Ligand SMILES: [Zn+2]
């Protein structure tokens, strides 16, 4: 009756502070799609969008699936039912969006929109105009804000990508303390490095795989190989019944939001940008422990900040000196009364060239070699030892050795965003696709 087609389905904004999770709703939909004979053609996509938009307080992640099926209406009905259930359980405080389209709708315009959603601030109006133009099916609840993320997740090509295995709890355990053995996570983390990342922060001794809220996630393991994620999953000891897991392909850990070079004059509040320029002021540390310096690229200046939670990363920033040539990436905050310039919250720094660091000091005595003292401005110097005066001597330039070397530096894992590229992945090609394994990506336990 219908012809088999490649379809894409995406969701966003199902979560609230108190209930729900967009990835969980997708996993419930997948559970319903398997028995009706849908064939998936890739891992589900988890697309993190511009993390520097303040009104998106949670992880700003939207999800999508690509699959082959003949009955589009049936899929839409299933997705709609599950999303509506989640919406009512979240006391209708969320603004969920569902989008369904055929592969032909994924045009250059839609791919551009997906790319811009990584670093710009986009409008619902723009999302809706694209949806109408491309014959895309959608449904929203509580407003249309979720359309931006859902549309962006639909067409992101995830050129550079990693994977995340997300393990979900049984509904009866939602809100209860998570019974996951810390030692087993530390051991798994050590044994699967560098195929998994940010499971544990040895500096703060914090476990990073478990969230803290009421959401249905027990833990999520991040890495670069689906097979290794399943191995890592089997190494974690859990003292509660688990529901299921799902492996996502994702732009987490790729710096996908910081791929776009900007001139400082073009930088806008809430954008995620990378800029290159010269350090204009030596860094200073504020009372709150935040470190600031000014950066200039000839078009304008921007205040750059490494905040207190970035801990030892601030020691790198404090070593910068006027004239250093650097590239920095991060989120832009609007100017305010305290900081009249736009402010860039540094997520990584690439030190390209170090300037000479020096001070001017009193010269040594040309007669006996001891230190001289100044006789006043432009009056020359007098030897402290042999008392000879030298009216024509001038101050001496002394080079101060630098304590940093050029290269890339990032904050510790506890200060990472979802999209932050871990330091060990700067030298790994994240464009390589793991072949999709339909037997691997979803597993139901209870
Ligand atoms: Zn002397």
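Here are the numbers for the structure shown:
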| read-out | value |
| --- | --- |
| Any hit, segment 395-408, residues being within 16 Å of the ligand (Cβ to nearest atom), crowded, with 18+ Cβ neighbours inside 10 Å, over 30 Å from residue 307 (Cβ atoms) and free of Cβ contacts under 8 Å to residues at least 40 places away in the same chain | no |
| Check on residue 249, assigned by TED's automatic domain parsing to the domain that holds residue 195, within 21 Å of the chain's Cα centre (by Cα) and either part of a loop (DSSP other than H, G, I, E, B) or modelled with pLDDT of 95 or more (or both) | yes |
| Residue within segment 376-383 that is within 16 Å of the ligand (Cβ to nearest atom), buried (at least 18 other Cβ atoms within 10 Å of the Cβ), in contact (Cβ under 8 Å) with a residue 24 or more places away in the chain and under 25 Å from residue 395 (Cβ atoms) present | no |
| Residues located in segment 31-52, provided they are surrounded by 19 or more Cβ atoms within 10 Å (Cβ to Cβ) and in contact (Cβ under 8 Å) with a residue 40 or more places away in the chain | 33, 43, 44, 45, 46, 47, 48, 49, 50, 51, 52 |
| Matching residues in segment 388-409 - criterion: being assigned to a loop (DSSP other than H, G, I, E, B) and more than 18 Å from residue 325 (Cα to Cα) | 388, 391, 392, 393, 394, 395 |
| Failed item, numbered, when residue 315 is tested on (1) outside any loop (DSSP other than H, G, I, E, B); (2) under 24 Å from the mean Cα position of the chain (by Cα); (3) touching a residue at least 12 places away in the same chain (Cβ under 8 Å) | (3) |
| Residue 323 within 16 Å of the ligand (Cβ to nearest atom), touching a strand residue (DSSP E or B) at 6+ places or on another chain (Cβ under 8 Å) and in contact (Cβ under 8 Å) with a residue 12 or more places away in the chain | no |
| Checklist (1) in contact (Cβ under 8 Å) with a residue 24 or more places away in the chain; (2) not in a helix (DSSP H, G or I) applied to residue 338, failing item | (1) |
| Residue check, residue 340 under 23 Å from residue 330 (Cα atoms), modelled with pLDDT under 95 and surrounded by fewer than 18 Cβ atoms within 10 Å (Cβ to Cβ) | yes |
| Options 331, 323: the member that is farther than 30 Å from residue 30 by Cα and in a loop (DSSP other than H, G, I, E, B) | 323 |
| Hey, residue 431 surrounded by 15 or more Cβ atoms within 10 Å (Cβ to Cβ), away from the ligand (no atom under 16 Å from the Cβ) and either not in a strand (DSSP E or B) or not assigned by TED's automatic domain parsing to the domain that holds residue 48 (or both) or not | no |
| Selection count, segment 183-206, where residues are farther than 30 Å from residue 431 by Cβ, without any contact (Cβ under 8 Å) to a residue 60 or more places away in the chain and surrounded by 13 or more Cβ atoms within 10 Å (Cβ to Cβ) | 3 |
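The values are calculated or read from the model by the stated rules, or taken from the named source; none is laboratory data. All values reported here derive from a predicted model rather than from experimental measurement. So basically every Cβ, Gly included, is an ideal-geometry build from the backbone, and we count neighbours across all protein chains shown.
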